[in-house]
Amino acid sequence: MTHETLPMHALFDAQYQASRAQMEVPLALRRDRLRRLRRLIDGNTKALCAAVEADFGVRSRNVTEVADLFMLRSLISHLNTHLPRWMKPIKVATPVYLKPATAYIQRQPLGVVGVISPWNYPVQLAFAPAATALAAGNRVMLKPSELTPLTSELMADLVHDAFDEEEFSVIQGDAALAARFATLPFDHLFFTGSTAIGRKVAAEAAANLTPMTLELGGKSPCIIDKTCDLNDAAIKIAHGKLLNAGQTCIAPDYVLLPRGQEAKFEKAFAAAVKRLFPRIEGNPDYTSLLNDRYFERMQAMLADAQAKGATLKVIDPQGAAASPANSASRQMAPVLVFDTASGMRVMEEEIFGPILPVLSYGTLDEAIGIINARPRPLALYWFGTSNSARDKVLNNTVSGGVSVNDTLMHIAHENLPFGGVGDSGWGAYHGHTGFLRLTHEKGVLVQSRLGVGSLFYPPYGVRFEQVIAMLKRVL
């Protein structure tokens with residue numbers, strides 16, 4: 001059922017006033033809010049998985065359990081464990097010219113945090129920023145995606161039952177409402193979605209100078225080094241690409257392969273797909289594309305590539321698919337795209353589906369050049385055994401994050417920051433990094449008596465010149 005809630009602006013005003021009335025949010029209250037969120041997840045696991053499955057058409061409840069709920073449980077546990085230490089003031093050293101003053105950093109809640117979340121992992125990407133904001137002592141307003149309406153409605157009802165509206169609330173609506181949501185003068189706005197929509201959200205928020213975290217996407221490359229075990233790389237790339245049918249912001253978007261290994265990679269990738277998904281159509285573990293529009297977009301990208309000279313290899317473990325568009329369920333068979341060229345949509349747009357372009361390269365410098373000629377990606381993957389080649393790639397490319405000899409897994413490490421750079425976003429979260437992102441660190445200097453600082457007050461005289469000369473020697 002849907003609960004009545006305050007209009008959006010009234011709800012923001014209520015949260016804003018509450019955040020200013022209670023600026024100091026004690027550990028016990030923060031932990032209580034995290035505990036309620038955890039109970040919400042654990043007590044409604046089946047309902048959440050069923051809602052996501054219904055929104056997608058075909059989406060294994062196991063995928064939601066692993067990619068949404070497990071990630072949330074891990075995050076909440078990590079936040080709860082480390083909160084006492086993270087909340088403490090941090091003493092800092094005082095420079096000689098300010099002694100005998102002492103100084104520390106006081107960590108305070110920002111106030112009201114807005115979260116605009118996407119559809120691809122609708123529970124995790126809504127509740128993970130919210131959990132981090134609650135741990136940092138903030139109030140939260142969440143606008144989930146309208147493209148997963150059943151999941152969004154369920155989350156709204158569950159949050160309404162577990163939290164006061166002044167603590168945490170959910171606003172539902174379409175893209176027009178999301179645009180209005182972004183104009184609210186939040187103390188911080190957290191957006192996860194495409195780069196194109198991220199630009200629009202940032203423009204709306206700029207009018208209020210609202211600080212933002214933008215978790216976007218882009219074209220995340222996989223570099224296969226000549227020292228790599230192709231079979232090992234293929235299974236990991238296939239898993240990273242086909243989890244959620246490629247509808248993952250850090251999914252491998254294209255492969256850079258040593259020239260001459262194309263046939264071997266195709267064979268290894270086909271074997272990997274067959275191992276993971278013995279069949280595509282009718283397989284409950286193989287997620288469907290979200291809706292007809294996204295399915296048609298995949299077909300249009302393939303048609304564009306083929307018309308411009310690309311070679312398509314449909315990977316169907318049962319050998320039934322002459323083309324990937326054979327299923328009314330929107331379960332699209334993976335497609336490798338060879339002989340790609342600039343100007344093809346598969347090389348210009350983030351794919352967000354089970355299409356994987358394969359680009360051949362001659363030297364590692366050439367592969368690095370291909371990556372650096374594009375906007376900086378959200379993730380980068382490298383496969384091989386050469387430490388020098390690995391380090392050359394890491395030192396000469398910039399990406400939001402990296403997994404070496406794996407895909408996706410860096411996002412699951414709570415002690416690593418997760419976020420983009422450049423067109424793939426700005427600001428990072430997860431663990432301590434996320435807590436600090438949604439916390440104000442206030443510098444405090446305490447002067448117990450008139451100390452050396454008085455030397456900087458006029459009238460200036462000989463003693464001032466002597467002290468400045470001494471400081472020049474020691475600084």
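Residues that are more than 22 Å from A128 (Cα to Cα) and charged (D, E, K, R): which helices (runs of 4 or more DSSP H) entirely in region 350-461 hold 3 or more of them? Give the derivation first.
Details: elements: 364-372, 387-396, 431-437.
Answer list for region 350-461: 387-396.
When you check T407 against the structure, is it surrounded by 13 or more Cβ atoms within 10 Å (Cβ to Cβ), touching a residue at least 12 places away in the same chain (Cβ under 8 Å), of a type in the set (S, T, N, Q) and within 29 Å of P211 (Cβ to Cβ), yes or no? Step through it out loud before you land on a result.
Working: surrounded by 13 or more Cβ atoms within 10 Å (Cβ to Cβ): yes; touching a residue at least 12 places away in the same chain (Cβ under 8 Å): yes; of a type in the set (S, T, N, Q): yes; within 29 Å of P211 (Cβ to Cβ): no.
When the stated conditions are applied, T407 does not pass them.
Filter region 371-390 for residues that are among the hydroxyl-bearing types (S, T, Y) and more than 9 Å from P221 (Cβ to Cβ); which is surrounded by the most Cβ atoms within 10 Å (Cβ to Cβ)? Before you say what the answer is, go through the steps one by one.
Pass one, region 371-390, residues among the hydroxyl-bearing types (S, T, Y): 381, 385-386, 388.
From what's left, more than 9 Å from P221 (Cβ to Cβ): 385-386, 388.
On the way: T385: 12, S386: 15, S388: 8.
This residue is S386.
Can you work out which of the residues in region 387-404 that are farther than 20 Å from E215 by Cβ and touching a residue at least 60 places away in the same chain (Cβ under 8 Å) is nearest to the chain's Cα centre (by Cα)? Talk me through it step by step, then tell me what you get.
The first filter runs over region 387-404 and keeps only residues farther than 20 Å from E215 by Cβ, leaving 387-396, 404.
Subset that is touching a residue at least 60 places away in the same chain (Cβ under 8 Å): 389-390, 393.
Working: A389: 27, R390: 24, V393: 22 Å.
That would be V393.
Quickly run through region 69-122 and pick out the residues that are surrounded by 16 or more Cβ atoms within 10 Å (Cβ to Cβ), in a helix (DSSP H, G or I) and of a type in the set (A, V, I, L, M, F, W, C). Passing the criteria: L69, M71, L72, L75, I76, L79, L83, W86, M87. Restricting to region 74-104, name every residue that is more than 21 Å from R437 (Cβ to Cβ) and at pLDDT 95 or above. Those that are more than 21 Å from R437 (Cβ to Cβ) and at pLDDT 95 or above: K91, A93, A103.
From the list L142, L134, the one residue that fits, being open to solvent by less than 40 Å² (accessible area, probe 1.4 Å) and in contact with a Phe, Trp or Tyr (Cβ under 7 Å, 6 or more places away or on another chain), is L134. Name the single residue, out of those in region 413-441 being within 16 Å of L189 (Cα to Cα) and among the hydrophobic types (A, V, I, L, M, F, W, C), that is surrounded by the most Cβ atoms within 10 Å (Cβ to Cβ). Ranking the qualifying residues of region 413-441, first place goes to L438.
Scanning region 163-189 for residues that are of a type in the set (S, T, N, Q) and assigned to a loop (DSSP other than H, G, I, E, B), we see that the one that is farthest from D13 (Cα to Cα) is Q172.
Go through (1) modelled with pLDDT under 80; (2) among the aliphatic types (A, V, I, L, M); (3) open to solvent by less than 40 Å² (accessible area, probe 1.4 Å); (4) within 49 Å of the chain's Cα centre (by Cα) one by one and return the number of the condition V444 breaks. V444 satisfies every listed condition except (1). In region 208-262, the residue that is nearest to V113 (Cα to Cα) out of those that are of a type in the set (K, R) and in contact with a strand residue (DSSP E or B) (Cβ under 7 Å, 6 or more places away or on another chain) is K219. Within region 46-70, residues that are without any contact (Cβ under 8 Å) to a residue 40 or more places away in the chain sit with their Cβ atoms under 6 Å from residues that are crowded, with 21+ Cβ neighbours inside 10 Å and of a type outside the set (K, R), at 6+ positions apart or across chains, in these pairs: C49/T64; R61/C49.
Restricting A205, A176 to residues that are among the hydrophobic types (A, V, I, L, M, F, W, C) and open to solvent by 50 Å² or more (accessible area, probe 1.4 Å) narrows the list to A176.
Out of all the residues in region 329-338, is one or more open to solvent by 50 Å² or more (accessible area, probe 1.4 Å), small (G, A, S) and out of contact with any strand residue (DSSP E or B) (no Cβ under 7 Å at 6 or more places or on another chain)?
No, region 329-338 contains no residue that is open to solvent by 50 Å² or more (accessible area, probe 1.4 Å), small (G, A, S) and out of contact with any strand residue (DSSP E or B) (no Cβ under 7 Å at 6 or more places or on another chain).
Taking region 227-261 as the region of interest, how many residues are surrounded by fewer than 22 Cβ atoms within 10 Å (Cβ to Cβ) and among the β-branched types (V, I, T)? The qualifying residues number 2. Residues in region 17-35 that are open to solvent by 20 Å² or more (accessible area, probe 1.4 Å), touching a Leu at 6+ places or on another chain (Cβ under 9 Å) and assigned to a helix (DSSP H, G or I): L27, R31.
From the list A205, A196, the one residue that fits, being within 20 Å of the chain's Cα centre (by Cα), outside any loop (DSSP other than H, G, I, E, B) and modelled with pLDDT under 95, is A196. Here is the figure for region 461-475: residues that are surrounded by fewer than 10 Cβ atoms within 10 Å (Cβ to Cβ) and either in contact with a His (Cβ under 8 Å, 6 or more places away or on another chain) or of a type in the set (A, V, I, L, M) (or both) total 4. Sort through V66, V52 and tell me the only one that's farther than 19 Å from L158 by Cα and of a type in the set (A, V, I, L, M, F, W, C). Answer to the check: V66.
Among residues of region 157-182 that are in contact (Cβ under 8 Å) with a residue 12 or more places away in the chain, those with a Cβ under 6 angstrom from a residue that is of a type in the set (S, T, N, Q) and assigned to a helix (DSSP H, G or I), sequence gap 6+ or separate chain, pair up as E166/Q15; Q172/S152. When the criteria are applied in full, N395 meets the requirement of being exposed (fewer than 14 other Cβ atoms within 10 Å of the Cβ), out of contact with any Gly (no Cβ under 7 Å at 6 or more places or on another chain) and farther than 23 Å from F265 by Cα.
Restricting region 146-158 to residues that are open to solvent by less than 10 Å² (accessible area, probe 1.4 Å) and in contact with a helix residue (DSSP H, G or I) (Cβ under 7 Å, 6 or more places away or on another chain), the residue that is nearest to G43 (Cα to Cα) is M155.
The values are calculated or read from the model by the stated rules, or taken from the named source; none is laboratory data. Here the structure is a predicted model, which is why all the values come from computation and not from measurement. When we count neighbours, we look across all protein chains shown, and the Cβ atoms used for this are built from the backbone with ideal geometry, even at glycine. Heavy atoms of the whole protein, side chains included, go into the accessibility calculation; ligands, DNA and RNA do not. Shrake-Rupley method; radii C 1.70, N 1.55, O 1.52, S 1.80 Å.
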